[in-house]
Amino acid sequence: MQPLRIRIVPALAGLVLAGVAAAPPASDPVQVNAQLSEWKIELSKTAVPAGPITLSITNTGSIPHGLEIEGPGLEREVPLIQPGASASLSLTLKPGRYEVYCPVGMSSHKKLGMDTHLVVAAAGGRSSAPAETEHSTASLHVLRVTGGGPVIQILPGPFPFPDSAGPILKSFGEEHEALESQSLNGPYSNNVAPISGSFTVAAWDKGAVRDSVDGSAEFVTRDGVKWRLVLDRVQTKDVPHHPKFGGVILGLYYHGATGVHTPLVPTINSAVALWSIGHLYRNGELVTDNAYVHVMLLSRTRRENDYALACWDCSKNKIEELQLQITPAPGEPKFDAPGGFLFVNWEKSSARQ
Ligand SMILES: [Cu+2]
């Protein structure tokens, strides 16, 4: 609890001196509500006068979140808040601009959009903070990724860390059943076949609605079929896996133990993660213009010799695995491939800005 700060409002000062027995008005903390969800923080007020405030924080999302506030001479955070739970934070704020964000997931939640600002004006009403200098300079980030090293096709098989993924899967609501079956015979298995192929992709991270992608892959699967994939647009809606996000994201810590996207992939860091729609050709014939494609340049997850998954938490490993996942859009027929999907890894890949 912060002590209440007592101010004498000048207009009333005379009355107090004149002996009128009113208690001096204390400045009550300004109440600000913060609502946390995937992937935003909504504040009931984005500008407040300097002085005491009480932040009442509610997690209305479906995974745990936190809140950290940082500004002039201040850095405070609340313990992790479970979905549906609340917390509060009492602060005394000086004039200035404060960043309010979710610190969960090594900045991943912040990067996904859980980041906002609170402007605190001097008590006299004049704002000494640079007024809403929201730098919408839409910084343009592009990453060009080239697949290299051994190429492997990942075939259906059991996920090798079911006990680690199990408790996290339970929070996946309606997706739970589909994921349970993937844990038995899904694409993230130790069952792999060496193949050959090439893959290059450029990904532009330009904010929520303007992300872009351009790439193509060619590979010959174990059954001798020649596949070609052309990527020309991102997918931002209806991306499977809770909680939803899509497009292009540079630098993300997710999967596995993070509770973000499927835990039937080890915990990883990615230099780039993207969701895209692709044109898929099989032996030169169009299969679909609507293939769902997920690409990650991620921390190494597989062993060098047999490409078995080496770790449940692989997030500290070197980022050099390029993974291409191609699945049919919901309602479309499975591909004519083992398990009906195409998962291909380029094991020694690289990226440049
Ligand atoms: Cu969060």
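The values are calculated or read from the model by the stated rules, or taken from the named source; none is laboratory data. Everything numeric in this text was worked out from a predicted model, so none of it was measured. Cβ atoms come from the backbone with ideal geometry, glycine included; neighbour counts cover every protein chain shown. These accessible areas exclude ligands, DNA and RNA; they are computed on the full protein's heavy atoms, side chains included. Shrake-Rupley method; radii C 1.70, N 1.55, O 1.52, S 1.80 Å.
If the requirement is being β-branched (Val, Ile, Thr) and modelled with pLDDT under 95, which of these qualifies: Ile69, Ile53, Ile63?
Values: Ile69 fails: modelled with pLDDT under 95; Ile53 fails: modelled with pLDDT under 95.
Only one candidate qualifies: Ile63.
Listed here are the residues, each with its yes/no results for (1) among the aromatic types (Phe, Trp, Tyr); (2) touching a residue at least 24 places away in the same chain (Cβ under 8 Å); (3) over 18 Å from Glu347 (Cα atoms); (4) crowded, with 20+ Cβ neighbours inside 10 Å.
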| site | (1), (2), (3), (4) |
| --- | --- |
| His242 | no, yes, yes, no |
| Gly247 | no, yes, yes, yes |
| Gly251 | no, yes, yes, no |
| Thr262 | no, yes, yes, yes |
| Ser276 | no, yes, yes, yes |
| Val287 | no, yes, yes, yes |
| Cys314 | no, yes, no, yes |
| Ile319 | no, yes, no, yes |
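Please enumerate the residues belonging to the stretch 182-199 that are open to solvent by less than 70 Å² (accessible area, probe 1.4 Å) and not in a loop (DSSP other than H, G, I, E, B).
Passing the criteria: Gln182, Ser183, Gly186, Val192, Ala193, Ile195, Ser196, Gly197, Ser198, Phe199.
Quick check on my filter: what residues within the stretch 192-242 are acidic (Asp, Glu) and touching a Gly at 6+ places or on another chain (Cβ under 6 Å)?
Pass one, the stretch 192-242, residues acidic (Asp, Glu): 205, 211, 214, 218, 223, 232, 238.
The answer is Asp211, Glu218.
Matching residues to (1) away from the ligand (no atom under 16 Å from the Cβ); (2) under 19 Å from the mean Cα position of the chain (by Cα); (3) more than 11 Å from Tyr98 (Cβ to Cβ):
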residue	(1), (2), (3)
Val30	yes, no, yes
Ser37	no, yes, yes
Lys40	no, yes, yes
Leu43	no, no, no
Leu55	no, no, no
Thr60	no, yes, yes
Gly66	no, yes, yes
Glu70	no, no, no
Leu74	yes, no, no
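Just wondering, is there one or more residues in the stretch 82-95 that are within 12 Å of the ligand (Cβ to nearest atom), at pLDDT 95 or above and closer than 12 Å to Ala34 by Cβ?
The answer is no, given that none of the residues of the stretch 82-95 is within 12 Å of the ligand (Cβ to nearest atom), at pLDDT 95 or above and closer than 12 Å to Ala34 by Cβ.
Every residue in the stretch 141-181 that is in a loop (DSSP other than H, G, I, E, B) and of a type in the set (A, V, I, L, M), please. I'd like the intermediate steps shown before the answer.
First, the residues of the stretch 141-181 that are in a loop (DSSP other than H, G, I, E, B): 147-150, 155-156, 158-161.
Answer for the stretch 141-181, where residues must be in a loop (DSSP other than H, G, I, E, B) and of a type in the set (A, V, I, L, M): just Leu155.
As an exercise: evaluate Glu347 against (1) without any contact (Cβ under 8 Å) to a residue 12 or more places away in the chain; (2) open to solvent by less than 30 Å² (accessible area, probe 1.4 Å) and give the number of the one condition it does not meet.
(1)
If the Cβ limit is 9 Å and pairs must be 6+ apart or interchain, which residue in the stretch 15-39 that is over 30 Å from Ser108 (Cα atoms) and at pLDDT 90 or above pairs with which residue that is of a type in the set (Asp, Glu) and more than 16 Å from the ligand (Cβ to nearest atom)?
none
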